[in-house]
Every structure is written in C-alpha cells, then in structure tokens.
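So the structure is just underneath, and the comments pick up after that.
The values are calculated or read from the model by the stated rules, or taken from the named source; none is laboratory data. Predicted, not measured: the structure shown is a model, and the values here were computed from it. Heads up, the Cβs are rebuilt from the backbone with ideal geometry, glycines too, and the neighbour counts pull from every protein chain shown. Accessible surface is based on the protein model in full, side chains and every heavy atom, while ligands, DNA and RNA are left aside. Shrake-Rupley method; radii C 1.70, N 1.55, O 1.52, S 1.80 Å.
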Amino acid sequence: MPDTAATRHARQIEAWNGLMGAQWAASEARTERALAPVLEALLAYAGPSPGQRVVDVGCGAGGTTQRLANTVGPAGEVTGIDVSAVILNAARARLAGTENARLELADALTWQRTGAPADLLFSRFGVMFFGDPVAAFANLRQSLKPGGRFAFAAWAALADNPWITVPLAAAATVVPPPPPPDPDEPHGDEPGQFAFGNPARVLRILHDAGFPAVDLRAFDFAMRFPADDLAQTAAGMTTMGNVGRLLRDRSEAERAQAAEAIAAVLPPYIQGNRVALPARVWLFKAHNA
Ligand SMILES: C[S@@+](CC[C@H](N)C(=O)[O-])C[C@H]1O[C@@H](n2cnc3c(N)ncnc32)[C@H](O)[C@@H]1O
C-alpha cells in the first residue's frame with residue numbers, strides 16, 4: 001500500500017487506539033506531573049480568561065481540559081476532543097462532575113464544532129500526529145471565531161530533548177536502533193512526537209492552513225521523574241516516545257535489560273528527590289483573521 005498522508009494519519013489513529021494509547025492512559029498520573037510546567041507555560045502564553053469558550057485538541061486523559069475548565073469558570077466552557085477511545089475513557093473518569101467540560105471522541109481532521117465558535121483552540125502535544133497537518137489545522141480553524149487564537153505546545157527537535165536521547169542511547173546499547181532512513185526517501189512529514197521540531201515547517205503549515213500571523217517562543221524546562229526508585233523510573237521510561245518504539249516488539253528480557261541500562265545512566269541527573277532531564281518545547285500562538 002502506498003505511504004500517503006491518509007495512511008500515515010490512519011496509522012497514528014490506530015496507534016493511539018492500541019498499545020500506545022493504553023500506555024499513555026496507564027501512565028497518565030506520572031505524565032501529568034512531568035508535563036505540568038508545559039501546561040503552565042502554555043496557559044500563560046494562551047491567556048484564557050473566565051467566560052471563554054475553549055477547545056482542547058487531542059485532550060488526552062483530561063488533565064489539561066480540567067485545568068482549562070477551572071480557568072474559564074462556570075460562565076465559560078471547554079470541549080476536549082480526542083481520537084483515542086481508551087485515553088478518552090480516562091478523561092471521562094477524571095472529568096465526571098466538571099459541569100463546564102464536555103468530551104468528544106473525534107478526529108481533528110474532520111471534527112465539526114456545534115454551537116458558537118471558540119475563543120481559543122488549545123493543545124499540549126496533541127497536534128503533531130496529523131497525516132495532512134494543513135488540512136487538519138484548516139479544519140480546526142473553522143471552529144475558531146474571527147480574531148481567536150490557536151495556542152499549542154510541540155516538542156522541539158529530538159537533539160534538544162535529552163529526556164529522550166539519554167534513555168534512548170542507553171536502551172540502544174541493548175537493542176540496536178534501526179538503520180537511519182534512506183536519504184532518498186522523504187521522511188520530513190512523518191507525523192509523530194517530534195514532527196514539529198522544525199518551527200519553520202510549522203509556520204508554513206499554519207500559514208497554508210489560513211492563519212495570517214503566528215507568535216512563537218521556546219520553553220526550556222526539566223522533565224522530572226521520581227529518584228527514590230531508579231529501577232521503577234527507568235522501567236517507566238522504556239515506554240516513552242522513541243524509547244517505547246525501539247523496544248515495542250522486543251522480549252520482556254530485552255526490555256528489562258534496557259531498563260537496567262537506563263537506570264545506570266540516570267544518577268548524574270538526580271536533583272534532590274527527582275531525576276531532572278533537560279527538555280525543550282516550542283510554544284506557538286496562531287491568530288485567526
Ligand atoms: C501526546 S498525547 C497528549 C495528550 C494531552 N494533550 C496532554 O498533554 O496530556 C497526544 C493526544 O493526541 C491525540 N490525537 C492524536 N491524533 C489525533 C487526531 N487526529 N485527532 C484528535 N486527537 C488526536 C491522541 O489520542 C493523544 O491523546
């Protein structure tokens with residue numbers, strides 16, 4: 001089957017409804033703690049205010065949706081959309097009783113908002129998985145009021161994120177990484193965690209999707225993991241992003257060996273009761289006409 005935008009998109013939806021989604025839902029509490037600095041930075045950048053209508057795109061297990069609902073208050077409302085049934089179930093449990101939040105199982109590529117257009121589209125790491133990002137952003141823009149904004153966070157390039165490269169290099173001593181991609185094949189538009197690492201590409205996508213102006217800034221922080229049980233922290237890291245992909249089809253024994261190798265490289269990063277690994281994120285704020 002040819003590798004098209006549609007097949008790449010379908011692969012992502014399948015993954016988020018399969019093992020990757022189950023792992024995300026299972027590690028939700030740990031992930032929410034580690035990603036809290038990004039949520040705070042993005043909220044400050046996006047500036048939602050009481051009474052506003054917000055959409056949380058790729059809302060995941062609902063931590064961001066909950067925080068947005070608290071911020072806009074009872075006069076405002078938040079709609080969380082996500083394409084993963086297993087992850088959205090976790091969000092439903094978290095948001096039961098939050099009256100100004102609703103959740104929809106939907107693909108950002110085709111989702112249509114009902115009711116008044118939103119003041120703000122918001123996403124922490126939920127927008128890098130579209131096979132045709134121009135089409136998905138253009139579709140989402142239809143839900144935004146004139147003058148509204150789409151604020152989102154996306155990981156900077158892999159090389160700027162030692163929280164992945166450090167465990168990945170350790171795991172690669174146990175499980176050799178696949179050969180680098182064929183230089184004659186275009187891989188620049190493969191959706192995934194680091195697909196928006198090059199901000200120039202994202203600015204082009206947003207422009208082509210109809211956003212006339214975009215602000216951008218880097219946000220550097222530390223991904224913090226518990227340091228009291230390094231073996232357990234390292235085991236958790238074996239499911240993260242590129243590390244998870246490297247180990248996905250490997251045996252339990254290889255996974256355990258990789259976790260040991262990861263645990264061995266973490267001590268230099270211990271600060272107090274946390275392992276603190278450097279991370280870099282891009283914050284984008286796209287303005288609707
Ligand atoms: C890395 S997680 C981030 C979740 C959440 N925003 C957070 O910060 O905790 C990415 C989320 O995007 C969702 N997602 C991926 N592709 C999507 C699509 N086409 N439409 C809607 N959601 C999508 C996934 O199911 C997943 O929950």
- Query: Taking region 122-133 on its own, how many of its residues are more than 7 Å from the ligand (Cβ to nearest atom) and touching a strand residue (DSSP E or B) at 6+ places or on another chain (Cβ under 9 Å)?
  - Reply: 3
- Message: Suppose the filter is more than 23 Å from Pro117 (Cβ to Cβ), more than 10 Å from the ligand (Cβ to nearest atom) and of a type outside the set (D, E, K, R); does Gly97 pass it?
- Response: yes
- Message: Residue pairs, Cβ under 8 Å, 6 or more apart or interchain, first in region 37-58 and on the phi > 0 side of the Ramachandran plot and of a type outside the set (D, E, K, R), second assigned to a helix (DSSP H, G or I) and open to solvent by less than 10 Å² (accessible area, probe 1.4 Å). List them.
- Response: Gly51/Val72
- Task: Report the residue count in region 134-157 for those that are assigned to a helix (DSSP H, G or I) and either more than 10 Å from the ligand (Cβ to nearest atom) or over 17 Å from Ala195 (Cα atoms) (or both).
- Result: 7
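Can you tell me which of Ile81, Ile87 is closer than 21 Å to Gly192 by Cβ, within 20 Å of the chain's Cα centre (by Cα), without any contact (Cβ under 8 Å) to a residue 60 or more places away in the chain and not in a loop (DSSP other than H, G, I, E, B)? Steps first, answer last, please.
Values: Ile87 fails: without any contact (Cβ under 8 Å) to a residue 60 or more places away in the chain.
When all the criteria are applied, what remains is Ile81.
Looking only at region 75-89, how many residues end up being touching an Asp or Glu at 6+ places or on another chain (Cβ under 7 Å) and more than 9 Å from the ligand (Cβ to nearest atom)? Let's see the steps before the verdict.
Step one: list which residues in region 75-89 are touching an Asp or Glu at 6+ places or on another chain (Cβ under 7 Å), which gives 78-81, 83, 88.
Now drop any that are not more than 9 Å from the ligand (Cβ to nearest atom), which leaves 78-79.
Summing the residues that are touching an Asp or Glu at 6+ places or on another chain (Cβ under 7 Å) and more than 9 Å from the ligand (Cβ to nearest atom) in region 75-89 gives 2.
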- When (1) in contact with a Pro (Cβ under 9 Å, 6 or more places away or on another chain); (2) part of a loop (DSSP other than H, G, I, E, B); (3) buried (at least 18 other Cβ atoms within 10 Å of the Cβ) are applied to Glu99, the one that fails is (3)
- Of (1) within 27 Å of Phe130 (Cβ to Cβ); (2) at pLDDT 95 or above; (3) of a type outside the set (Ser, Thr, Tyr), Ala263 satisfies every one except (1)
- Query: Restricting attention to region 223-235, does a residue exist that is under 30 Å from Val57 (Cβ atoms), within 17 Å of the chain's Cα centre (by Cα) and modelled with pLDDT of 95 or more?
  - Reply: yes
- Item | Enumeration of residues in region 38-51 that are more than 11 Å from the ligand (Cβ to nearest atom), open to solvent by less than 50 Å² (accessible area, probe 1.4 Å) and assigned to a helix (DSSP H, G or I) | Ala41, Leu43, Tyr45, Ala46
- Message: The conditions are (1) among the small types (Gly, Ala, Ser); (2) open to solvent by less than 40 Å² (accessible area, probe 1.4 Å); (3) at pLDDT 95 or above, and Gly192 fails exactly one of them. Which is it?
- Response: (3)
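Restricting attention to region 158-184, which residues are part of a loop (DSSP other than H, G, I, E, B), among the acidic types (Asp, Glu) and at pLDDT 95 or above?
Here is the first cut: in region 158-184, the ones part of a loop (DSSP other than H, G, I, E, B) are 161, 173-184.
Next, from what is left, pick out any that are among the acidic types (Asp, Glu): 182, 184.
Selection gives nothing.
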- Where Asp160 falls short, out of the listed (1) crowded, with 21+ Cβ neighbours inside 10 Å; (2) away from the ligand (no atom under 16 Å from the Cβ): (1)
- Within region 106-121, restricting to residues that are of a type in the set (A, V, I, L, M, F, W, C) and either open to solvent by 40 Å² or more (accessible area, probe 1.4 Å) or within 8 Å of the ligand (Cβ to nearest atom) (or both), the one that is nearest to the chain's Cα centre (by Cα) is Ala108
